[in-house]
Amino acid sequence: MKSPRLAGRRRAPMWPRLVCRWRVLAAALLAGSAMAQTTPAPNPWVDEVLYFVLIDRFADGDPANNRGVDRRNPGGWHGGDLRGLTQQLGELKDLGITALWINPVQLQQARGMPAQAPGAGSFTHEPFHGYWIHDFEQMEPRFGTEAELKALVDEAKRRGIKVLLDVVVNHTGYTSSYAARRTAAGEAWVRIGEGNCEVNPITCAVGGLPDLKTEIPEVRDHVIAANIALARRTGVAGFRIDTYKHVDSDVWAEHRQRTRSELGPEFFLLAEVWGGTAQSLDAFFERDEVDAAFDFSFKGSCEGWVLGRGRTVAYAAYLRGRHQVRPGHVLAHYLSSHDEPMMLGNLQGDRARFRLCAALQMTSFGLPVIYYGEEVARGGHAWPFNRNDMPWGERDIAPGKGVPRDEALRAFYKQLIAIRKEHAALRRGDYTMLTQPADSALAFARRVAGPDGTATDAVLVLANREDKAVGVDIALPAWWPARPLRDRLSDEVLGLAEGRLKVELAARSVRIVVPSKP
């Protein structure tokens, strides 16, 4: 998505139009028949930790491509590029991330747009984010060359990191080259300023951007083919798909068929369905249009819980409900994004409460997504400051040189990611909600069960949102291994008496408890 003007968009109709080309319908019917006969294995992307970077805001590796850079402008170009990102892959590898999502890299519209925001005043909003595409078949030189994109992908692979490329199918930039294009019959390729997204999300102009008429075969083929060709040449592992619900389902069925046939069956598709939840996303998963989609409910639910809104038992039930996802598909959950106010800002800078949500993100079901810099307490809150520069402290890396960073918070993230990698129960395990007489602390257990129902891996998560210490006295599930317990965060050994755990939780703290090794 592109600007705060996209807030309030409604969910698209969940069913495709009645008219659908016979080959797409036949493919969907065959896929549905196969699904009915077999239960898909868990998607391997549940094992990943995804890191999202706005290229222009991360690291400047080539000052020669810094055309029009103005770092005083919160909406301007700041000079980050693909070469700089490649140079800093060691930072991401050390953190523990295994997948990298980057914004669209195609040629952007030449001119920025006037904008105004609280705290920023009037400024020029440039297309540094990559979503205002001028030409789908050319690279944006300020990001770098196609060779540099391939070099990023190759170096990331060498470090065990997959690269996910953001792609747009719904729209172009405000002043793109496509506004003048016509089909052989004389029909315009785009709709400009048409429609209300609350009435018809398919034909509206999202954020006022020219809407590509993807119902025209020539138009959708151009966009899909350009994205697939770039992916094939550079070797990216998948697409993050922008403004997904603003394109009709038959287009996505064709897109799925083409990516599988041209890029391979393992090519990953992650959809941005604005407002998506575990329940509302099921229709997209049922039609097998994508592998995964963003769970927009996780951020607000965790914020509300750590701020004391609602009962803990209700939040625990919410986390359990996130497990009700169609087999073979994945929910991606995040704490901050480029389209919403950042969580740390929403929490008024309370890092203890933010750490609680970071721990719950890394111990919850789904694909965790880290928004660049939040692991070092990047400042900023609402747009345009939710897209500010990556903090690098005293390291000589532009554009964020001199911007303070919290290394202790980064170390906590690094520990959480390592624990998630170590325990399959946190990536693939089921969920048991544990209750106490008082609604004081959050407690749940996750396990991977063997054929006989015993736990081959088990993790217990305890979290206290209160400003004071609370005691926990819970009965562990019958399947819990009968071994001493250890807090993986503190390495403290905990006592277990007659299947019950009694322990104190410090104010605004979390414990991740595992059975000691036999």
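For the range 429-518, the average shadow cast by the Cα convex hull is 5.7 nm², which is a quarter of the hull's surface. The portion of the accessible surface of the chain made up by carbon and sulfur, rounded to a whole percent, is 53 (1.4 Å probe; DNA, RNA and ligands excluded). Translational diffusion of the range 390-461, estimated by Stokes-Einstein from the Kirkwood radius over alpha carbon pairs at 37 °C in a medium of 0.692 mPa s, is 215 µm² per second. Please give the net charge around S301, taking every other residue with its beta carbon less than 14 angstrom from that of S301, where Lys and Arg add +1 and Asp and Glu add -1. Spelling it out: positives minus negatives among the neighbours equals +4. Each Lys or Arg adds one and each Asp or Glu subtracts one; over the other residues with Cβ under 12 Å from the Cβ of R260, this totals -4. In this entry, the range 154-232 is assigned a mean projected area of 6.9 nm², taken as a quarter of its C-alpha convex hull surface.
Placing unit charges on the Cβ atoms of the charged side chains and taking the dipole of the chain about its Cα centre, the candidate lying farthest along the positive direction among T203, F444, I192 is F444.
Got a sec to turn the phi values of the range 208-215 into Karplus ³J(HN,Hα) couplings, 6.51 cos²θ - 1.76 cosθ + 1.60 with θ = phi - 60°, whole Hz, x for Gly and Pro? 3J(HN,Hα) across the range 208-215, in whole Hz: x, 7, x, 8, 5, 7, 6, 6.
Estimated translational diffusion coefficient (Stokes-Einstein, Kirkwood radius over Cα pairs, 25 °C, 0.890 mPa s) of the range 233-389: 146 µm² per second.
So if I place +1 on the C-beta of Lys and Arg and -1 on the C-beta of Asp and Glu, and nothing else carries charge, what would the dipole magnitude of the chain be about its Cα centre? I want it in debye, nearest 20. Dipole size: approximately 540 debye. Across the protein chains, with a 1.4 Å probe defining accessible surface, the residues L496, L85 rank L496, L85 from largest area downward. Helix 297-306 axis versus longest C-alpha principal axis of the chain: approximately 40°, rounded to the nearest ten. Size of the chain: Rg and Dmax of its alpha carbons, in Å, are 23.4, 79. Counting only Cα atoms, the range 325-395 measures 44, 26, 24 Å along its principal axes, largest extent leading. Mind pulling the angle between the C-alpha long axis of helix 146-158 and the longest principal axis of the chain? Nearest 10 degrees, somewhere in 0 to 90. For helix 146-158, the angle is close to 20 degrees. Helix 22-37: angle to the longest alpha-carbon principal axis of the chain, degrees 0 to 90, nearest 10? Helix 22-37 sits roughly 10 degrees off the main axis of the chain. Within the chain, DSSP assigns beta bridges of which about 60% are antiparallel (rounded to the nearest 5). Taking the charge dipole of the range 400-518 about its Cα centre, with +1 at Lys and Arg Cβ atoms and -1 at Asp and Glu Cβ atoms, the residue from L489, P518, A408 reaching farthest to the positive side is A408.
Kirkwood hydrodynamic radius of the range 371-495, from the reciprocal of the average inverse Cα-Cα distance over all distinct pairs: 17.6 Å.
Averaging over all projection directions, the Cα-based convex hull of the range 265-354 occupies 6.6 nm² in the image plane. Residues in the range 160-176 carry Karplus couplings, in order, of x, 10, 7, 10, 10, 9, 6, 10, 10, 10, 7, 8, 10, x, 4, 10, 6 Hz; the curve used is 6.51 cos²θ - 1.76 cosθ + 1.60 with θ = phi - 60°, and Gly or Pro positions show x. When S490, S280 are compared by accessible surface with a 1.4 Å probe, the order from highest to lowest is S490, S280.
The residues of the range 369-435 have, on average, 36 Å² of accessible surface per residue, using a 1.4 Å probe with all protein chains present. Solvent-accessible surface of the range 146-213, averaged per residue with a 1.4 angstrom probe and all protein chains in place: 40 square angstrom. Rolling a 1.4 Å probe over the protein heavy atoms leaves S177 with an accessible area of roughly 40 Å². Each 5 Å bin from zero up to the one holding the largest Cα-Cα distance in the range 215-256 carries the following percent of pairs: 5, 20, 31, 28, 13, 4.
Total lysine pairs in the range 87-229 at Cα distances under 26 Å, for residues eight or more apart or on different chains: 4. The GluC sites (Glu not before Pro) found in the range 185-225 that occupy coil by DSSP, while having at most 10 further C-beta atoms within 10 Å, are E198.
Its residues counted as N, the range 224-286 yields a C-alpha radius of gyration over 2.2 N^0.38 Å of 1.14.
The values are calculated or read from the model by the stated rules, or taken from the named source; none is laboratory data. The model shown is predicted, which means the values in this text are computed figures rather than measured ones. So basically every Cβ, Gly included, is an ideal-geometry build from the backbone, and we count neighbours across all protein chains shown. Accessible surface is based on the protein model in full, side chains and every heavy atom, while ligands, DNA and RNA are left aside. Shrake-Rupley method; radii C 1.70, N 1.55, O 1.52, S 1.80 Å.
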